[in-house]
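The values are calculated or read from the model by the stated rules, or taken from the named source; none is laboratory data. All of these numbers come straight from a predicted model, not from anything done at the bench. Cβ sites come from the backbone with ideal geometry, for glycine too, and all protein chains shown count toward neighbours.
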């Protein structure tokens, strides 16, 4: 048995309508911009989701370091374990993103186990096999005390039947809103806990896949993993899962889980919208700056990364603009000579941050914090 999808209250429907309005507006705004403008934003949002989802499991890599690792940079100051986890999650998420518009797509146990192998294959052991259901019990231990089981997952013998039921449900068509179905898929998978490890990230990735398959926004703009990875939200996430009980009890009302996810969707799209607006404003300011300053417009992407992300590496700039190694090196050297950039580190580990003559009006726009509204504050019902 799976958790039954609850009926929405008037307040839930009002929040969902607000989410849909914002997502459609964001979709049109992104489509109106050239691919060159959105490519860097897509990479950043993917890195943000990867870093955030991994942070929930205790792997600490900043978004900018995750982006560097995903770009193929080797000299990034992270542990070997964090590097492996980041790259494994990135590979799995890349495949999830590519599934969003597959015409003959269907969910299967094989697909889920294949995704799990991408995520956990580097950790495969007889005790914790990757890409196949666990063969024994699994427990989610209490924070700070591994001797206490906060949650005991269903018995291993029940997994084939439960996963058959989940896959059938995923492939079935009903009238439930896709965002609500995605939240329920997350809850069902994380509660079944079919693998020995990696269940949380797999459940969050499945939610992202369902949202992406809906087709309103590209996968990079759809995930709520970055929202879930913020420390305050992570604790609320754990608390909401704990409401379900210490064992698998699917015959219960999970309206609070839906409300929690609708809040996440709403605030994440606010956050992405704010980043899109900020990115556009910074790009336009730099577009007006580089010509009179005597630079080719291609350097906008390097200056833009420094303003909104905090740094740029030669390899990223080279790839973004399709330059040769020598062209990229020359541009960055000229920007540093002009005081717009400042090199940090040497040789392969070098990156560039803003220099003393970087335009202050650009930095002010790029680093101005935004305020998120609480979607249920004004909802009726």
### Query
Identify, please: which residue in region 339-357 is in contact with a strand residue (DSSP E or B) (Cβ under 6 Å, 6 or more places away or on another chain) and outside any strand (DSSP E or B) and is, among those, modelled with the lowest pLDDT?
350
### Query
In region 211-225, what count of residues is obtained for those that are surrounded by 22 or more Cβ atoms within 10 Å (Cβ to Cβ) and not in a loop (DSSP other than H, G, I, E, B)?
6
#### Entry: In region 148-193, the residues that are closer than 28 Å to residue 16 by Cβ, out of contact with any helix residue (DSSP H, G or I) (no Cβ under 7 Å at 6 or more places or on another chain) and not in a helix (DSSP H, G or I)
172, 173, 174, 175, 176
### Query
Just one of 305, 296 is more than 19 Å from residue 224 (Cβ to Cβ) and within 21 Å of the chain's Cα centre (by Cα); which is it?
305
